[in-house]
Amino acid sequence: MRDKKRVVLFNNSLSGGAGKSIITLATTLMNAGIDTHIIIYEEKIDYEIAQDISLKILRIPETKRRDKREIARRLEKELSSIGKVDMLISNSSPSNKIASLLSHPNIWHCVRSAETKNFHGIGGYFRKRLRYAKYRRLYNGKRLITVSKGLKEYIVEELGATPQKIVTIYNAFDFEEIERLSLVKEAKIPSDDYIIHVGRFDLSHKRQDILLEAYAKSGLREKLVLLGKGRDRDEIVKMIKNLGLKERVLLPGFQENPYPWIRNAKLFVFSSDFEGFARVLLESLSLGTPVVSTDCPTGPAEILSAELSAYLVPVGDSEALSKKMLEAIREYPKINRDKFSIFSMQSIAKEYLSLIEKEHIK
């Protein structure tokens, strides 16, 4: 007789913030005694995977990589080989769409971002309304897990979706591991004081353009470090040159271990138009690094709460961001790390175990 519960985490890849969250969640569930498996269908892995984590990459022929039904068929076959699965959790819009094609009885869809927030320019309003309708259809009647309360509110109230069930379970954080990794020696870290931003180079989402404008206006003597990679790198380099910041902005590229960079920074600045949870803000605060962020939907306001809420600024406002950066560099409230315990691996494991039991999954 099988004693352990079995959970499968399904996604297109293990890249970006979602990839990090999935790997941490897998470790969290395994530590709680749950038989945990990760299945992806794109060989994109940004992070080291522990040997005891079960990882399966579905080998999809190049001609079939856009065929959701073919991927769903192969996923179904892989699930059958694993045995009885007590909970299947898809972890992104692409994987949610594929999981929706399955007849599996215990599917939960994890929503990690406000997917309709990135439409601008001519036709943006109408495209956005079409996108709203598309995601309402995807979420209606489904069991959803959101990684922030704001995201749950967005789905129900702004998007107008009617899921079968919807719960919020925050991303799990291994604070001990983050602390350990932050102490690793990194030769490329600047010896002078610097401000840092970590994120994909995507101007429509992460808005490094707003950050660069704010930094130029601030006149701060600290250099600005942008960690990341992405499609808009060349455009960002051009902006740095046009703003006369070539000698003050550093682009070291993507860092698998960004924590030494974050730990040694004087300030972390976040400029996104939208997020799901913005886990890097919590990681920065857990390392004692002050944070200034846009008050974007969703996530930052649930992290920068109480006295830290003073360091939230309106989305797209480079002037406000500039002033708050200056203020934070001069003085910042004491960071109370004890309040972050609700995001610990142990706390999040209890929430998933409770969800499994409530669903009477045997």
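The values are calculated or read from the model by the stated rules, or taken from the named source; none is laboratory data. Predicted model only: the values in this text are computed from it and were never measured. In this analysis, Cβ positions are derived from the backbone assuming ideal geometry, glycine residues included, and neighbour counts consider all displayed protein chains.
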Original post:
In the stretch 198-212, what residues are touching a Leu at 6+ places or on another chain (Cβ under 7 Å) and either farther than 14 Å from residue 273 by Cβ or among the β-branched types (Val, Ile, Thr) (or both)?
Top reply: 198, 210, 212
**OP:** Check whether at least one residue in the stretch 246-260 is more than 27 Å from residue 148 (Cα to Cα) and without any contact (Cβ under 8 Å) to a residue 12 or more places away in the chain, and report yes or no.
**Re:** yes
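Can you name the residue in the stretch 79-92 that is buried (at least 17 other Cβ atoms within 10 Å of the Cβ) and of a type outside the set (A, V, I, L, M) and, of all such residues, is farthest from the chain's Cα centre (by Cα)?
Quick first cut of the stretch 79-92, residues buried (at least 17 other Cβ atoms within 10 Å of the Cβ) only: 79, 85-92.
Keeping just the survivors that are of a type outside the set (A, V, I, L, M) gives 86, 90-92.
Working: 86: 25, 90: 14, 91: 11, 92: 10 Å.
Checking each candidate, the answer is 86.
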Original post:
Any residue in the stretch 203-223 that is within 30 Å of residue 345 (Cα to Cα), among the charged types (D, E, K, R) and out of contact with any Phe, Trp or Tyr (no Cβ under 6 Å at 6 or more places or on another chain)?
Top reply: yes
**OP:** Considering (1) in contact with a helix residue (DSSP H, G or I) (Cβ under 6 Å, 6 or more places away or on another chain); (2) assigned to a helix (DSSP H, G or I); (3) not assigned by TED's automatic domain parsing to the domain that holds residue 30, say which one residue 349 fails and leave the rest.
**Re:** (3)
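Out of all the residues in the stretch 38-84, which are basic (Lys, Arg) and closer than 30 Å to residue 259 by Cα?
As a first pass, look at the stretch 38-84 and keep what is basic (Lys, Arg): 44, 56, 59, 64-66, 68-69, 73-74, 77, 84.
The answer is 44, 56.
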**OP:** Scan the stretch 257-300 residue by residue and report those that are among the charged types (D, E, K, R), assigned to a loop (DSSP other than H, G, I, E, B) and at pLDDT 95 or above.
**Re:** 266
**OP:** Quickly run through the stretch 168-186 and pick out the residues that are without any contact (Cβ under 8 Å) to a residue 40 or more places away in the chain and assigned to a loop (DSSP other than H, G, I, E, B).
**Re:** none
**OP:** Have a look at 236, 189 and point out the one that is modelled with pLDDT of 95 or more and not in a loop (DSSP other than H, G, I, E, B).
**Re:** 236
Original post:
Can you spot a residue in the stretch 319-338 that is assigned to a helix (DSSP H, G or I), modelled with pLDDT of 95 or more and over 20 Å from residue 196 (Cβ atoms)?
Top reply: yes
Original post:
residue 129 is checked against (1) outside any loop (DSSP other than H, G, I, E, B); (2) modelled with pLDDT of 85 or more and fails just one. What number does that condition carry?
Top reply: (2)
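If you take the residues of the stretch 1-25 that are part of a loop (DSSP other than H, G, I, E, B) and among the charged types (D, E, K, R), which of them is farthest from residue 355 (Cα to Cα)?
Of the residues in the stretch 1-25, the ones part of a loop (DSSP other than H, G, I, E, B) are 1-5, 12-13, 15.
Okay, now just the ones that are also among the charged types (D, E, K, R), so 2-5.
Details: 2: 19, 3: 17, 4: 15, 5: 12 Å.
Here the answer is 2.
Looking at this structure, is residue 289 surrounded by 15 or more Cβ atoms within 10 Å (Cβ to Cβ), polar (S, T, N, Q) and touching a Gly at 6+ places or on another chain (Cβ under 6 Å)? It would help to see each step written out before you state the result.
Numbers: surrounded by 15 or more Cβ atoms within 10 Å (Cβ to Cβ): yes; polar (S, T, N, Q): yes; touching a Gly at 6+ places or on another chain (Cβ under 6 Å): no.
No, not satisfied.
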